[in-house]
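Colleague: Pasting in a structure now, in structure tokens, and then I'll have a few things to ask.
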Amino acid sequence: MRTVAIVGTGVAGATAALTLRAEGFDGRVILIGDEPVAPYRRPALSKDLLRGTVSPAKVRLQPHEVWWGSRIELRRGCMVVGVDPGQHTLGLDDGTEIGYDQLLLATGSRPRQLWQDVDGVHTLRTMADAERLRATLVPDARLVIIGAGLVGLEVAATARSLGCAVAVLEAEGTPLARAVPASVGEVFVDLHRSRGVDLCTGVRVDQVERAGDALVVSCTDGRWWVADVVLVAAGTTPNTALADFAGVRVDDGIVVDAFGRTNASDVFAAGDVANLPNLVLGGRHRIEHWRHAGAHGAAVARAMLGERVPYRTVPQTWSDQFGVSLRVFGWPGDGDVTVHGAPEELDFAAVVRRGGSVVGGVGVRGPAAVRTPRLRSVR
């Protein structure tokens with residue numbers, strides 16, 4: 001009986017396991033994750049779960065019976081400590097060994113580790129992280145967030161709804177600099193400041209240290225903030241330790257082809273950790289979006305079963321902050337921006353061109369907006 005082992009219970013690994021069964025694979029499927037909980041919807045961590053409006057059970061990716069009924073061996077709280085592609089084996093932290101015919105590395109990414117040795121400094125990537133952070137977000141707590149990307153701004157909005165005093169410190173000139181054009185980022189500066197967030201751009205944090213019961217966040221320009229809690233949301237790095245150990249090629253993630261194959265025989269990679277060809281714009285890229293991870297996990301699972309359809313899906317992501325919906329399509333970044341609608345009313349779409357070609361789009365819709373034009377594809 002053939003065995004497919006999947007390391008990583010995020011949406012890429014979990015979707016790959018379910019896709020194998022949906023496509024008729026009848027061998028063993030072993031899904032291994034180091035978190036003690038079943039696969040869940042990670043986007044809820046910075047919003048509903050952190051706010052306390054949903055329970056952990058409500059953010060499960062699938063009910064427990066789906067894994068049992070699909071004959072997927074879900075191994076939770078297990079750490080894979082070694083991979084031997086030559087022998088087609090995995091070693092677990094409990095000393096056991098698993099043989100496989102094909103291996104999928106869906107190990108995801110982790111927050112940048114900055115000032116983690118300082119008590120009161122948090123990151124947000126797992127359900128346990130969210131539970132620890134939630135316990136600190138009491139009314140009037142002073143929260144400083146380092147980084148104004150999607151996670152940082154979503155947590156800022158959530159913390160304000162819980163009555164916290166929030167400051168966001170961003171090194172770039174605008175928030176969401178990796179996701180949207182600067183002009184759209186400025187819209188979110190205004191949004192957050194109008195809701196009481198002290199959002200500062202062009203600020204580089206130099207040090208975080210404890211001073212009695214408080215934390216002091218010092219910046220290179222001499223300014224400083226006092227906090228009860230600090231969240232580091234300054235980007236992520238891919239989890240490539242297993243690939244490195246196994247001799248799999250790594251370069252800003254695990255290097256794969258358009259079918260998710262690595263340079264090691266019968267070893268594939270999917271999701272945040274995979275550095276894959278960009279078949280739309282050319283070159284290579286690594287995408288850290290929930291929808292991409294699920295779609296890529298499914299595509300690589302089908303490739304493992306013999307399907308030869310190159311992965312060329314245009315990435316999409318979304319965010320909700322203070323009731324304002326942000327949708328991002330393609331690779332907008334900076335370029336020639338054409339705006340349709342009314343940014344001042346939080347009801348608009350922006351189309352981004354580079355070299356005369358459309359490369360991405362952004363849609364923003366506020367709670368009072370009737371409709372935001374949807375950019376369904378990038379051509």
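The values are calculated or read from the model by the stated rules, or taken from the named source; none is laboratory data. Values in this document were obtained by computation on a predicted structure and should not be read as measured data. Note that we place each Cβ from the backbone using ideal geometry, even for glycine, and neighbour counts take in every protein chain shown. These area figures cover heavy atoms from the full protein model, side chains too; ligands, DNA and RNA do not enter into them. Shrake-Rupley method; radii C 1.70, N 1.55, O 1.52, S 1.80 Å.
Colleague: What are the pairs, 6+ residues apart or on separate chains, where a residue within the range 236-252 that is without any contact (Cβ under 8 Å) to a residue 60 or more places away in the chain has its Cβ under 7 Å from a residue that is of a type in the set (D, E)?
Modeller: As it stands, the answer is V250/D244, since those pairs meet every condition given.
Colleague: A further question on this structure: Within the range 316-327, work out how many residues are open to solvent by 10 Å² or more (accessible area, probe 1.4 Å) and within 22 Å of H296 (Cα to Cα).
Modeller: Summing the residues that are open to solvent by 10 Å² or more (accessible area, probe 1.4 Å) and within 22 Å of H296 (Cα to Cα) in the range 316-327 gives 4.
Colleague: Please verify whether A233 is open to solvent by 10 Å² or more (accessible area, probe 1.4 Å) and hydrophobic (A, V, I, L, M, F, W, C), treating the condition exactly as stated.
Modeller: yes
Let's see how each residue does on (1) under 21 Å from the mean Cα position of the chain (by Cα); (2) in a loop (DSSP other than H, G, I, E, B):
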| site | (1), (2) |
| --- | --- |
| A12 | yes, no |
| T15 | yes, no |
| G24 | no, yes |
| V29 | no, no |
| E35 | yes, yes |
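Colleague: Against the condition among the charged types (D, E, K, R), in a loop (DSSP other than H, G, I, E, B) and open to solvent by 20 Å² or more (accessible area, probe 1.4 Å), how does E344 come out, does it pass? Give the derivation first.
Modeller: Numbers: among the charged types (D, E, K, R): yes; in a loop (DSSP other than H, G, I, E, B): no; open to solvent by 20 Å² or more (accessible area, probe 1.4 Å): yes.
No: the conditions fail for E344.
Colleague: Name, by its number, the condition in (1) within 22 Å of V7 (Cα to Cα); (2) open to solvent by less than 50 Å² (accessible area, probe 1.4 Å); (3) not in a loop (DSSP other than H, G, I, E, B) that does not hold for L49.
Modeller: (1)
Colleague: Which of the residues belonging to the range 215-230 are in contact with a Lys or Arg (Cβ under 9 Å, 6 or more places away or on another chain), farther than 24 Å from E186 by Cβ and open to solvent by 20 Å² or more (accessible area, probe 1.4 Å)?
Modeller: Across the range 215-230, the qualifying residues are V216, V226, D228.
Colleague: Restricting the range 240-287 to residues that are among the acidic types (D, E) and touching a Lys or Arg at 6+ places or on another chain (Cβ under 9 Å), which is surrounded by the fewest Cβ atoms within 10 Å (Cβ to Cβ)?
Modeller: Just the residues of the range 240-287 that are among the acidic types (D, E), to begin with: 244, 251-252, 257, 266, 272.
Narrowing further to those that are touching a Lys or Arg at 6+ places or on another chain (Cβ under 9 Å): 251-252, 272.
Details: D251: 10, D252: 12, D272: 27.
Top of the filtered list is D251.
Colleague: Name the pairs whose Cβ atoms lie under 8 Å apart, with the first residue in the range 117-135 and at positive phi, the second buried (at least 18 other Cβ atoms within 10 Å of the Cβ), and 6 or more positions between them or separate chains?
Modeller: Cβ pairs passing all conditions: G120/L215; G120/A227; G120/D228; G120/V229; G120/V230.
Colleague: Could you please let me know if A106 is touching a helix residue (DSSP H, G or I) at 6+ places or on another chain (Cβ under 9 Å), small (G, A, S), within 23 Å of C219 (Cα to Cα) and open to solvent by less than 30 Å² (accessible area, probe 1.4 Å)? Please lay out each step first, then the result.
Modeller: Numbers: touching a helix residue (DSSP H, G or I) at 6+ places or on another chain (Cβ under 9 Å): yes; small (G, A, S): yes; within 23 Å of C219 (Cα to Cα): no; open to solvent by less than 30 Å² (accessible area, probe 1.4 Å): yes.
When the stated conditions are applied, A106 does not pass them.
Colleague: I need every pair where a residue in the range 299-322 that is at positive phi has its Cβ under 8 Å from the Cβ of a residue that is basic (K, R) and open to solvent by 60 Å² or more (accessible area, probe 1.4 Å), sequence separation at least 6 or different chains.
Modeller: F322/R160; F322/R195
Colleague: Here are some residues: G152, G173. Which one is surrounded by fewer than 17 Cβ atoms within 10 Å (Cβ to Cβ) and under 29 Å from P315 (Cα atoms)?
Modeller: G173
Colleague: Next question. Using the structure shown, decide if L74 is crowded, with 17+ Cβ neighbours inside 10 Å and either over 16 Å from T236 (Cβ atoms) or without any contact (Cβ under 8 Å) to a residue 12 or more places away in the chain (or both).
Modeller: Yes; evaluated as a whole, the condition is true for this residue.
Colleague: OK, next. Identify the residue in the range 156-205 that is polar (S, T, N, Q) and outside any strand (DSSP E or B) and, among all such residues, is farthest from G335 (Cα to Cα).
Modeller: Taking the candidates together, the pick is S161.
Colleague: Taking only the range 79-127 into account, find how many residues are in contact with a Leu (Cβ under 8 Å, 6 or more places away or on another chain), under 30 Å from V230 (Cβ atoms) and not in a loop (DSSP other than H, G, I, E, B).
Modeller: Residues meeting the conditions: 4.
Colleague: What pairs can you find where one residue is in the range 54-68 and exposed (fewer than 11 other Cβ atoms within 10 Å of the Cβ), the other is in a helix (DSSP H, G or I), and their Cβ atoms are less than 9 Å apart, with a gap of 6+ or different chains?
Modeller: Pairs found: S55/L49.
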